[in-house]
Amino acid sequence: MLRIEDLQVKIGDHEVLKHIDLEIKQGETHILFGPNGSGKTTLLMTVMGYPQYTVTAGNIFFKGEDITNLPLNERAKMGIGMSYQRPPTIHGLKTRQMVEICAREKIDVADLAGKVNFTDFLERDINAGFSGGEIKRSELLQLMAQDPDLLLFDEPESGVDLENIALIGNSISRLLQRDFHVDPEMTQKQKKLARTKMGLIITHTGFILDYVTADRGQVLYDGVMSCKSNPQEIFNCIKKMGYEECVRCSN
Amino acid sequence: MLELNKKAEQAKEKKAAIGPDIDLTSFTSEQVSHGYLEDLTQLPDEDRSRMIQSGVDASESGRSGTYIQMDTSVVHAHAKQEGLQVIPIKQALREFEWAREYYWKLVAVDADKYTAQAQLNLHDGYVIRALPGSKVIYPVQACLYIDKENLSQHVHNLIIAEEGAVLHVITGCATGPNLKRGLHVGISEFFVKKNATLSFTMIHNWAEEMMVRPRSVGVVEEGGLFLNNYICMRPVKSLQMYPTTHLVGKGAVSRFYSLLVGSPGSELDVGGRIFLKAEDTRAEIIARAISNGGRIISRGDLIGEVPGVKAHLECRGLMLKGGLIHAIPELRGTVDGVEMSHEAAVGKIAQDEILYLMSRGLSELEATSTIVRGFLSVDIPGLPPQLKAEIDRAVEMSEKELM
């Protein structure tokens, strides 16, 4: 379980997140909505442990442990993983090697890469000249190898062409154990109970909702967590009335 | 010979064009004899392990020939494959007219005091030659080893890939485990004939007080390919070299790769110069330099003399723990229609790269070393896997020291 209590975060002197409370129970996936600059990426980066995001108050608990001051590699080891929007290029580090780093044990990289149609990129330097969609598939591949318990997705569908959106959506669904095709015999309740993975997904376009079921949607507006509801409902509300109206009506 | 000696005598005091001047009288250059070894496994363990670090495999498995020189004496020289010759240069000059024809053909004997010394007081060296059409499958290994304290070692090497031949050479220069001070002067002349391929990979493992002055020039004829790789990642007092290649035949290609680490107290001045003198010739110079507190000057010079030639120069420097990296890339086009470019960058390890790797579970130290390894991993097309493995091993060893 991830529990965030009264979290306040600064970047430099600028306060970005204000009194954030959030709880993601085991097996749950939440969608995070919000306009540009509302602090969505900041929230994810803070949960991951990026040091330039300074926690000035509040705490982050994961699996019962206070991780607020833990370095990011320790958080990764505890089972937190993130898919980035614009990860850096590391020259000379092959994508294959990066996937092996994520796996921490010998795995069949080519087999895994096949699942996100990325086999041809394994011998290329990680992120070097990758298109938006290629970055997403590379990030997914790394997360598949890492297999974390809490998955943070920063706009996983941005820059992805229509042809690949289903591939990305279904892969995320599988990572979050929400792949309904696995066992059609299971009841909804059984599926829910069998699920252990947690997800927090930032989306701008809402396309991802066509592929990934989520338990809850939240809107982050100007650094404040503004409403909690069914994700599709929130998305429809935003589409109809825009963020400002949506936030006002929910409150 | 007389003519060469006369020229050398006149250049005895001539300072090199670049690099700190060395007082040659502060070294000894007398003969140091070591017995010839039929079997390389007879080499003392500690010498053998130093040689292994420079890519010399005493078991000779996966090698098609070996030349080993300790101090001033040839300890071993033989070729395992037909069509390949590995001969000590003094013997070759005595016995073969063809060897005399290549000797000092490309490097000027009076270039500076170091070339002069190599003529006036020659301590052997190797001639490695692949006969026309012969494909030398496994690399030939050569090692120039210094064990005698304060020795000034002068060697001269000729590397010849005859028409249509394929030859790969790995040469390691190393010093004995206890050696502190010494000077190595190495003259190398490379001849890549029509449609021949030569790869030459040099791995240097010197001692902290070693002075090193290689002088090498190559010539590549029509359709030939010359790959020149240089790896120096261990401390060395002062190293200065500026290997030069002339592409004289249509479609000739040359690529230089260098990996350099400047440790505290080390000064490396390493360049590469390629003249593109015939149509359709191509050249590439790629350098990776890491300063770990030492000083590195990375020079590159491309000279395009014929329309349509293509050349690229790339130098990347990484400042790890202080020191200096000075990249000096030069391009000279002397006619219309040449296509030449360069890129040079000197910087530190990017924090976002470290954090990205940490978020995948690596510690800060592991992340840094992964980035450094990536920085030093350069794809060298055409290099046989055994040599790629030797370069990777050298990188891995130095990386441990860097971290």
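Bear in mind that the values in this text are calculations on the coordinates, not laboratory data. Computed from a predicted model, the values in this text were never measured in an experiment. Virtual Cβ from ideal backbone geometry, glycine too; neighbours counted across all protein chains shown.
A few remarks follow.
- Residue order, fewest to most surrounding Cβ atoms within 10 angstrom, among B:126, B:36, A:243: B:36, A:243, B:126
- Remark on residue B:34: its backbone amide H falls under 5 Å from those of B:73, a criterion applied only to residues 5 or more positions apart or on other chains, H modelled at 1.01 Å from N.
- Peptide-level mean, for B:371-383, of C-beta atoms on other protein chains within 10 Å: 3
- Screening chain B for whole DSSP H helices of 24 Å or more along their axis (Cα) with average Kyte-Doolittle hydropathy at least 0.0 returns none.
- Antiparallel DSSP beta bridges within the protein assembly as shown, percent to nearest 5: 20 percent
- Nonlocal amide H pairs with residue B:312, under 5 Å, H built at 1.01 Å: B:283, B:284, B:285, B:341
- Global geometry of chain B, whether rounded, prolate or oblate, following the gyration tensor of its Cα atoms and the 1.5 cut on a/c: rounded
- Its DSSP H runs of at least 4 residues, each contributing -39,500 (n - 2.57), put the calculated 222 nm mean residue ellipticity of chain A at -10500 deg cm²/dmol, to the nearest 500.
- Charge tally in the Cβ shell below 12 Å around residue B:353, where Lys, Arg are +1 and Asp, Glu are -1, residue B:353 excluded: -1
- Partners for residue B:15 among lysines (Cα-Cα distance below 26 Å; same-chain residues under 8 apart left out): B:6, B:7, B:105, B:113, B:148, B:180, B:237
- Environment charge of residue B:382, counting only residues whose C-beta is closer than 11 Å and scoring Lys/Arg +1, Asp/Glu -1: +1
- Proxy reagent accessibility, fewest Cβ within 10 Å first, across A:153, A:118, A:61: A:61, A:118, A:153
- For residue A:189, a cut-off of 25 angstrom between C-alpha atoms picks up these lysines, skipping any fewer than 8 places away in its own chain: A:25, A:63, A:197, A:228.
- Taking the fewest neighbouring Cβ atoms within 10 Å as the starting point, the ordered list for B:98, B:206 is B:98, B:206.
- Checked against a 27 Å cut-off, the cross-linked pairs B:310/B:400; A:77/A:136; B:14/B:277; B:90/B:388 give Cα-Cα distances beyond that limit for B:310/B:400; B:14/B:277; B:90/B:388.
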